[in-house]
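All remarks here apply to the structure that follows.
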Amino acid sequence: MSTISENGLVARVQGGGGLSALAATLQSVLTRALQKLLDLLPLLLALVTLLGIWEVACHGAGSSLPPPSRVVSDTWELIIDPFFDNGGVDKGLFWHLAASLKRVAVGFALSAITGIALGVLIGQSSLAYRGLDPIFQVLRTVPPLAWLPISLAAFRQADPSAIFVIFITSIWPIILNTAVGVRQIPQDYRNVARVLRLSPLEFFFRIMLPSSVPFIFTGLKIGIGLSWLAIVAAEMLIGGVGIGFFIWDAWNSSLMSEIILALVYVGLVGFILDRVITIIGNRVAGRKVS
């Protein structure tokens with residue numbers, strides 16, 4: 001009997017320990033949730049304040065811009081059904097954003113590959129740096145849309161022209177940041193590579209790439225932001241399916257609420273693209289990418 005009683009006591013003690021652990025876990029989760037809510041509080045207050053000011057400022061009958069409440073009511077069908085497709089350019093916002101993101105993905109991938117290769121070249125070779133860097137410094141100051149007539153003349157099609165504008169807009173920060181990263185590889189690392197007689201490929205993967213990854217991803221982060229800016233502007237001119245054309249078409253139809261809704265989506269997608277590159281860069285580099 002005493003053994004059974006002792007076992008029961010142990011079970012009760014263990015059960016009490018389990019409940020204590022569960023209570024501690026719940027308390028920890030609640031504490032973290034409360035902390036996250038407190039962290040978001042300034043953002044929520046700022047949003048409510050800005051929306052309130054906007055609502056009051058544009059609520060009058062003579063206002064040329066709709067207040068937030070009217071934007072939501074006017075665009076409610078677009079908000080709840082972003083996937084409709086009536087053919088042509090009469091599509092939901094999902095399809096317009098998808099078309100724009102597809103062009104950005106192709107153009108940015110090409111600029112990343114080419115930009116990193118050229119950055120490594122001018123970072124490694126003083127001769128290439130003296131020859132190409134002045135040209136890059138001049139070309140990078142050309143506004144993105146100034147390239148559009150040239151690309152339309154060269155490709156004679158809307159999609160390749162838009163992709164070229166993305167490519168030429170985003171490539172410069174990738175080249176220049178990669179070159180800076182390569183040129184800042186410590187001389188000791190280069191000496192070790194010579195002593196170990198590393199091949200160019202081994203030098204690239206073992207020394208150059210790890211040393212310059214933070215700089216490369218800083219260039220990629222700037223480049224993806226410029227790509228998103230360029231595609232919206234380019235699509236306003238080339239037409240077809242895309243968020244830029246959606247905004248331009250809404251402007252021609254005097255649908256200000258749709259323009260404002262599209263701008264919200266453009267901002268959110270641009271923010272997500274920036275965060276994605278930052279997260280990948282932090283994981284690859286093992287530290288924060290600026």
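The values are calculated or read from the model by the stated rules, or taken from the named source; none is laboratory data. Here the structure is a predicted model, which is why all the values come from computation and not from measurement. Glycine gets a Cβ as well: all are built from the backbone with ideal geometry, and neighbour counts include every protein chain shown. Quick note on the areas: whole protein, heavy atoms, side chains included, nothing else; ligands and nucleic acids left out. Shrake-Rupley method; radii C 1.70, N 1.55, O 1.52, S 1.80 Å.
Structure above, values below:
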{"quantity": "Test: residue in the stretch 197-220 that is of a type in the set (A, V, I, L, M), closer than 30 Å to Leu263 by Cα, under 23 Å from the mean Cα position of the chain (by Cα) and part of a helix (DSSP H, G or I)", "calculated": "yes"}
{"quantity": "Unique match (being open to solvent by less than 70 Å² (accessible area, probe 1.4 Å), out of contact with any Pro (no Cβ under 6 Å at 6 or more places or on another chain), assigned to a helix (DSSP H, G or I) and at pLDDT below 85) among Gly17, Gly52", "calculated": "Gly17"}
{"quantity": "Residues of the stretch 211-228 satisfying the condition of being open to solvent by 20 Å² or more (accessible area, probe 1.4 Å) and β-branched (Val, Ile, Thr)", "calculated": "Thr218, Ile222"}
{"quantity": "Flag for Leu196 being over 27 Å from Ser212 (Cβ atoms), aliphatic (A, V, I, L, M), open to solvent by 60 Å² or more (accessible area, probe 1.4 Å) and at pLDDT below 90", "calculated": "no"}
{"quantity": "Neighbours by Cβ (under 8 Å, 6+ apart or cross-chain): first from the stretch 122-138, within 16 Å of Thr178 (Cβ to Cβ); second open to solvent by 70 Å² or more (accessible area, probe 1.4 Å) and not in a helix (DSSP H, G or I)", "calculated": "none"}
{"quantity": "Qualifying position, being open to solvent by less than 70 Å² (accessible area, probe 1.4 Å) and at pLDDT below 90, among Met256, Met208", "calculated": "Met208"}
{"quantity": "Residue that is nearest to Gly267 (Cα to Cα), among those in the stretch 188-233 that are of a type in the set (Phe, Trp, Tyr) and touching a helix residue (DSSP H, G or I) at 6+ places or on another chain (Cβ under 9 Å)", "calculated": "Trp228"}
{"quantity": "Matching option when the condition is farther than 26 Å from Arg103 by Cα and aliphatic (A, V, I, L, M), among Leu273, Leu209, Leu220", "calculated": "Leu209"}
{"quantity": "Members of the stretch 229-243 that are buried (at least 24 other Cβ atoms within 10 Å of the Cβ) and over 14 Å from Lys91 (Cβ atoms)", "calculated": "Ala230, Ile231, Ala234"}
{"quantity": "Failed criterion for Thr218 (all others in (1) more than 30 Å from Arg70 (Cα to Cα); (2) modelled with pLDDT under 90 hold)", "calculated": "(2)"}
{"quantity": "The stretch 30-49: number of residues that are open to solvent by 100 Å² or more (accessible area, probe 1.4 Å) and closer than 24 Å to Ser69 by Cβ", "calculated": "2"}
{"quantity": "2 or more residues open to solvent by less than 50 Å² (accessible area, probe 1.4 Å) and under 30 Å from Gly267 (Cα atoms): qualifying helices (runs of 4 or more DSSP H) within the stretch 98-187", "calculated": "148-155, 158-183"}
{"quantity": "Single condition Val266 does not satisfy, out of (1) closer than 30 Å to Ile79 by Cβ; (2) open to solvent by less than 20 Å² (accessible area, probe 1.4 Å); (3) modelled with pLDDT of 85 or more", "calculated": "(2)"}
